[in-house]
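> Quick one: the structure is below, questions incoming.
The values are calculated or read from the model by the stated rules, or taken from the named source; none is laboratory data. Keep in mind it's a predicted model, so treat the numbers as computed, not measured. Here the Cβ is made from the backbone with ideal geometry for all residues, glycine too, and neighbour counts use every protein chain on show. Ligands, DNA and RNA are excluded from the accessible area calculation, which covers all protein heavy atoms including side chains. Shrake-Rupley method; radii C 1.70, N 1.55, O 1.52, S 1.80 Å.
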Amino acid sequence: MNMNPDEAKDAHNQVPSDLQRNVFITSLDYMYNLIRKTSVWPLMFGLACCAIEMICTAAGRYDMARFGMEVMRPSPRQSDLMIVSGTVTKKMVPQIVRIYNQMAEPRYVIAMGACATGGGPFKEGYNVVSGIDRFLPVDVYVPGCPPTPEALLHGVLKLREKIARQSIKQVPWYQKGVQDAIPQPVLGPDIFDPRRVPEIRQRTLQPAASEGEEEAETA
Ligand code: SF4
């Protein structure tokens, strides 16, 4: 029987009947992201009242185990998600940045609550930072004072969506060149030594800018 070229190509691409129930064709990105997004391990780390809601989210009523997240790790080396839950004081920022730098790539940050996202009710306080995104790249912001466990779970779902959109070819941790650690703020006479603030700001905005370009390219 003579087949035209299209029919011949289709016939060539068909999965044999004895394999049809066993062969699953997908992209490398899908598998890579599926594995990572369904086993995010948060760092056991809280700063203020929002941490109580985070603890509640991990308890039986909300059950983070269904997201593969029930293991909150006490070590940054074994974690890939930092949930900044609570008021970020200037005194704590160097420690938060140091812990973030100790996490291996890929790593993500959720800013949980009004305080972590923008200073919250203490924004004008002399000792409070107006959002952790001034020092770390934040992936998801969860609003509220405090956000409910449901809100945090919504933030987790948003993070999973973000992970699912990443491409193994573009993720920063597989690019050539050594990635420097985020510069650690230094406590100075006026709470902070401001000399590296522009550099820190540039580093924290970098991932958001490159992601915007990525989305523009795919649009
Ligand atoms: S956002 Fe509200 S609940 Fe959360 S740490 Fe700040 S003051 Fe506390």
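> Here are some residues: Asp139, Asp133. Which one is open to solvent by 20 Å² or more (accessible area, probe 1.4 Å), away from the ligand (no atom under 16 Å from the Cβ), touching a residue at least 12 places away in the same chain (Cβ under 8 Å) and closer than 28 Å to Leu187 by Cα? Give the derivation first.
On the way: Asp133 fails: away from the ligand (no atom under 16 Å from the Cβ).
When all the criteria are applied, what remains is Asp139.
> Identify, please: which residue in region 37-48 is touching a Lys or Arg at 6+ places or on another chain (Cβ under 9 Å) and open to solvent by less than 40 Å² (accessible area, probe 1.4 Å) and is, among those, farthest from the ligand (Cβ to nearest atom)?
Val40
> I'm told Pro147 meets every condition in (1) at pLDDT 80 or above; (2) under 20 Å from Leu34 (Cβ atoms); (3) open to solvent by less than 90 Å² (accessible area, probe 1.4 Å) except one. Can you identify the failing condition by its number?
(2)
> I'm checking my understanding of the structure. Among residues of region 78-95 that are within 20 Å of Leu159 (Cα to Cα) and away from the ligand (no atom under 14 Å from the Cβ), which one is most open to solvent (accessible area, probe 1.4 Å)?
Gln78
> Please find, among Ala58, Ala114, Ala51, Ala104, the residue that is among the small types (Gly, Ala, Ser), closer than 20 Å to Val138 by Cα and more than 16 Å from the ligand (Cβ to nearest atom).
Ala104
> Return the residues of region 150-168 that are over 11 Å from the mean Cα position of the chain (by Cα), more than 23 Å from Gly60 (Cα to Cα) and either within 16 Å of the ligand (Cβ to nearest atom) or open to solvent by 40 Å² or more (accessible area, probe 1.4 Å) (or both); say none if nothing qualifies.
Matches in region 150-168: Ala164, Arg165, Ile168.
> Every residue in region 60-77 that is open to solvent by less than 40 Å² (accessible area, probe 1.4 Å), without any contact (Cβ under 8 Å) to a residue 60 or more places away in the chain and touching a Ser or Thr at 6+ places or on another chain (Cβ under 7 Å), please.
Listed by number, the list holds a single entry, Gly68.
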